[in-house]
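Taken together, the values in this text are just the output of simple stated rules run on the coordinates, not laboratory data. Computed from a prediction, not measured in an experiment: that's the story for all the values here. Neighbour counts are summed over all protein chains in view; Cβ atoms, including those assigned to glycine, are modelled from backbone coordinates with ideal geometry.
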């Protein structure tokens, strides 16, 4: 049993003006051959889950090529073409093979291609042929297109949000593929479309109605009604011609797969008006922080500028509001600002410098602020995540400076990712337990680590590229038949539920 393994991972925000270049992948991760296995061994990533399942099955593993970058605007087409050249080269060298596994995000757009993940899977299918088993791991926020469904035998998405099951998702995808490669033909995958997009700041799998729905789906697997499920809430800042939510159900009976996919899709759609983001004005959040008495800070969630959602991460709106106050809460703030980092490194530790912070990447939506800053420390930007999501995974945010601006500890870096992890502050000398106000640029990922550390969580919308006000964004491609654009949208008007499997007549 010979299996090839690839990864191409990036989440696209169509409204972020910053294109993902090759440099972004080099800052993230570019791995080839056995480097892939060694780099992820023991870690929490989907690739490690895939490798582990294959090793347990005694498979002949061919690690091929992996590229991973933080969320951003569309990927430069030449970057995608570089990966496709590598993909085709490895496939031509090592085919025939029993299986191909691909780790992807699932919501990736290039400067010329709206369905990057579909393009990748279709290329694999074209070269590998119908008999090769193809499986992919995806983010919960994937946009599962017709091409992706048609090209792959199995699509498995994260089942948690905050995402703490990356490893498990890779393992699930590999296990389904292994079962099929070992001759199990009665595994059927159904796809049901959900005609809606919902801001990622509006739900979690841990609590609420969406959490209850996920528990229901898990019970179906535990009771052996389904072999696997994925409830995809498409990353809603993706402006593409084919988009929306999707439910994938895998069962040993094609009729069961169809039935449960359709039922879970309708149950998901029924939650559309309950999944909303309750906003708090920035000034009210600052007042709450100043009134803190229990020693735990207030968390201000600047989700609309979340780099995890592909926003620019350079909006200084919350910082500006804090600095306007005569009495400022002790605040931790983080942002991407390359010119500020360069100025801090040029001045050196201990220097006081005048500078403008913010609006260096998204000049349309982000705000800047003039400050006088003390350079407290300078760093290379390499550190391990605290977790629980991606525990101990090494990340690189580029050169980083810790600045003191009034009562604010400001971490400025070149490429911010994993914004829901406290090490984004702690590693650079900012202890959040000593603060009254902590500002994170994340949608929901922060909840896993921050919930026990803070006294209150307040969602603020600074009108960035990941805003919750989807109707105000200039969508030009996404079908306006989707909710919330069409308040009368219905599952009955969505594409018919589909099912496929190796046991079906071709």
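When the distances between all Cα atoms of the range 359-506 are binned every 5 Å from zero, what whole-number percent does each bin get?
2, 7, 13, 15, 16, 13, 9, 8, 7, 5, 3, 2, 1, 0, 0
Just to be sure I understand: of the beta bridges DSSP finds with both ends in the chain, what percent are antiparallel, rounded to 5?
Percentage antiparallel, nearest 5: 45.
Compute the separation of the alpha-carbon centres of the range 334-348 and the range 378-447 and state it in Å as a whole number.
If we compute the Cα centre of each part, the gap is 15 Å.
If you line up the long axis of helix 166-181 against the longest principal axis of the chain, both from Cα atoms, how many degrees apart are they, to the nearest 10?
So the helix axis and the longest Cα principal axis differ by about 10 degrees.
Using only the Cα atoms, work out Rg/Rh for the range 196-325, with Rh taken as the Kirkwood radius, to two decimals.
1.11
What is the mean projected area of the alpha carbon convex hull for the range 32-80, to one decimal in square nanometres?
4.3 nm²
Mind pulling the angle between the C-alpha long axis of helix 77-94 and the longest principal axis of the chain? Nearest 10 degrees, somewhere in 0 to 90.
Here the helix axis deviates by roughly 40 degrees.
Provide the packing ranking of 90-96, 238-244, i.e. peptides ordered by the mean count of other C-beta atoms within 10 Å per residue, highest first.
Ranked by mean Cβ neighbours within 10 Å, highest first: 238-244, 90-96.
Using the Kirkwood radius built from alpha carbon pairs, what does the Stokes-Einstein equation give as D for the range 282-460 at 37 °C and 0.692 mPa s, in µm² per second?
The estimated diffusion coefficient comes to 207 µm²/s.
Express as a percent, rounded to the nearest 5, the fraction of DSSP beta bridges in the range 282-460 (both residues included) that run antiparallel.
Bridges in the range 282-460 are about 55 percent antiparallel.
Quick one: Cα convex hull volume of the range 1-130, Å³ per residue?
So the per-residue Cα hull volume is 97 Å³.
Any idea how far the Cα center of the range 253-309 sits from the one of the range 67-129, in Å?
Between the Cα centre of the range 253-309 and that of the range 67-129, the gap is 31 Å.
Dividing the alpha-carbon radius of gyration of the range 332-398 by 2.2 N^0.38 Å (N being the number of residues), what value is obtained?
1.30
Need one number: convex hull volume per residue for the range 63-216, Cα atoms only, in Å³.
About 129 Å³ per residue, rounded to a whole number.
For the chain, max minus min Cα coordinate along each principal axis, in Å, sorted largest first?
Computed over the Cα atoms, the extents are 73, 49, 41 Å.
May I ask for the angle, rounded to the nearest 10°, between helix 116-128 and the longest principal axis of the chain, with both axes built from Cα atoms and the value confined to 0 to 90°?
That works out to roughly 30 degrees.
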